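Read-outs throughout are calculated quantities, based only on the coordinates presented, and are distinct from any laboratory measurement. Computed from a prediction, not measured in an experiment: that's the story for all the values here.
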Amino acid sequence: MHNQQQVASRRNFIKGFLAGGLGAMTISPRDIAAALLSGKTPSDVHGWGVEPGQVKVGGNENPLGPSPRAVEAVARHLFSVNRYGGGTSDLIRAIGQYHAITLPDNDGSDRRSRVQDEMPIMVTAGSSPILHTMATESMKDGAEMIIARPGYTEPALSWTRYRDAKGLDLKIRGIRLDKNYTHDLDLIYKAINNNTSMVAITNPHNPTSTIVSHGQLKDFVDSVPPHVLILLDEAYIHFVRDPKYKDAVHIGLEKENVAVARTFSKGYGMAGMRVGYGIMSPKLISRLKVHMPRFNPMGYLGVVAAEAAIGDTHHIEHSRQMVQDGEDFLAKEFEAMGFEPIPSHSNFMWVDIKRDATVFSQALRELDVSISDGKRRWSMDQHVRITIGTRDENEALIWAMQRVLS
């Protein structure tokens, strides 16, 4: 049906062009090429949470929006936002149930504070507080942090701010990815020394969408000295294509120097709600809480939305399938253009476009399509990061890319 609509559209254009006679000759070749391109245009698109006519495929957000259960929960509690809410204990237990983690029971008010101290789960306003508090806890004069280049640099930014403001001697060591744009764990291990206080691993990786095998990750963590804090950021874990892939939750539960960060922003489609959590030993949680406000900074609506959403496995599966279908569609289109995307385990694709990434991204922006410029963000001159959208958004993206290339 989709191909029939494309053929009909092209036929109508050709008929109109011929009917126009010599007057049609004033149309530029670029406009003719654009009119013959298949699929939707940006003006046809109205994505969830985006202004009509805008194709926003640069922020790694979930184009399906949040779980209907989360929306219903927000609606039910909308007129209770004048209250502080009931805390996060129910959300913590919902997260524990989702991950099949046995949590201590609260069998009386006298045990409430002690039970909280025994919890291996810490909920936060997005996963960023976990990244920042891990960075802060590992911060000391003369310390070194190891991150991937290119990579997600949020923990390093915390160090940079303190270094510039306080004059601390902090060194950030960027380790290049391997030839497959994956973490080179051997190089990272060789870079660890007595001054290393933190290693950050984003898995699946941002911006390249690659993943480290569970066995490699486990062996790496086991080999790292216990004085080094290890952050395992699994923001995109829901989109791993291997259904048998094992996440790192059990590593966070077993090791006292490892924090596994999760977020509701990606798979759950709640980026604007700012809800995340970390899974780690209660001892490490106690260390991180020193750097956080005493009272939970999360919004009431975010807490109830997350509690409702985490059990909605149907929405997660729907999101995953939409992303995988979109990746398959875009991979073929990119290859037809002569580009080189790499296999993705996230809700975005890392693409070598063989031309200046900033010029290309700006040209798309003028057509109301936004992608992530690898040159500006990661000093990768000819790479861009493109979020998987809905079918309409993906088609409008391809239309715009073809028009720029024409």
Practice prompt. Restricting to the chain, compute how many DSSP beta bridges are antiparallel as a %, nearest 5.
Written response: 45 percent
Worksheet entry | Cα centroid separation - the range 215-264 against the range 388-406, whole Å | 35 Å
Discussion item. With angles folded into 0 to 90 degrees, how steeply does helix 89-98 sit against the dominant principal axis of the chain? Use alpha carbons for both and round to 10.
Written reply: 70 degrees
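Tell me the Kirkwood hydrodynamic radius of the range 214-341 in angstroms, computed as one over the mean inverse distance between distinct C-alpha pairs. Walk me through the numbers on the way to the answer.
On the way: mean 1/r = 0.0586 Å⁻¹.
Mean inverse Cα-Cα distance, inverted, gives 17.1 Å.
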Practice prompt. Compute the projected area of the convex hull of the Cα atoms of the range 240-293, averaged over all viewing directions, and report it in nm² to one decimal place.
Written response: 4.8 nm²
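Anything over 25 Å Cα to Cα? Flag those among 190/354; 40/375; 40/332; 190/266, in the order listed.
Values: 190/354 33 Å; 40/375 28 Å; 40/332 17 Å; 190/266 33 Å.
Flagged as over cut-off: 190/354; 40/375; 190/266.
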Worksheet item: Once phi is turned into ³J(HN,Hα) by the Karplus curve 6.51 cos²θ - 1.76 cosθ + 1.60 with θ = phi - 60°, what whole-Hz value does each residue of the range 151-161 show in order, with x for glycine and proline?
Response: x, 7, 9, 4, x, 5, 4, 4, 5, 4, 5
Response to the item:
Over all pairs of different Cα atoms in the range 68-309, the reciprocal of the mean inverse distance gives a Kirkwood radius in Å of 18.7 Å
Response to the item:
Once the in-chain neighbours fewer than 8 apart are removed, the lysines whose Cα is under 25 Å from residue 283 read 140, 218, 246, 255
Worksheet item: So, in Å, what gap is there between the alpha-carbon centers of the range 159-196 and the range 346-371?
Response: 28 Å
Worksheet entry | Alpha carbon convex hull of the chain, volume per residue in cubic angstrom | 167 Å³
Discussion item. Give me a comma-separated list of calculated 3J(HN,Hα) values for the range 364-375, in order, Karplus coefficients 6.51, -1.76, 1.60 applied at θ = phi - 60°, integers in Hz, x for any Gly or Pro.
Written reply: 5, 4, 5, 9, 6, 10, 10, 10, 9, 7, x, 5
Practice prompt. Taking every Cα atom in the range 140-221, find the radius of gyration and the maximum pairwise distance Dmax, and write them in Å.
Written response: 13.1, 40
Worksheet item: For the chain, modelled as a GNM with alpha-carbon contacts under 10 angstrom, which of 394, 257, 195 fluctuates the most?
Response: 195
Response to the item:
In Å, the C-alpha Rg and Dmax of the range 216-266 are 11.7, 34
Worksheet entry | Highest-fluctuation residue, 194, 203, 347 considered, GNM on the chain with Cα pairs under 10 Å | 194
Discussion item. Compute the helix-to-body angle for 214-223: its Cα long axis versus the longest principal axis of the chain, expressed 0 to 90° and rounded to tens.
Written reply: 40 degrees
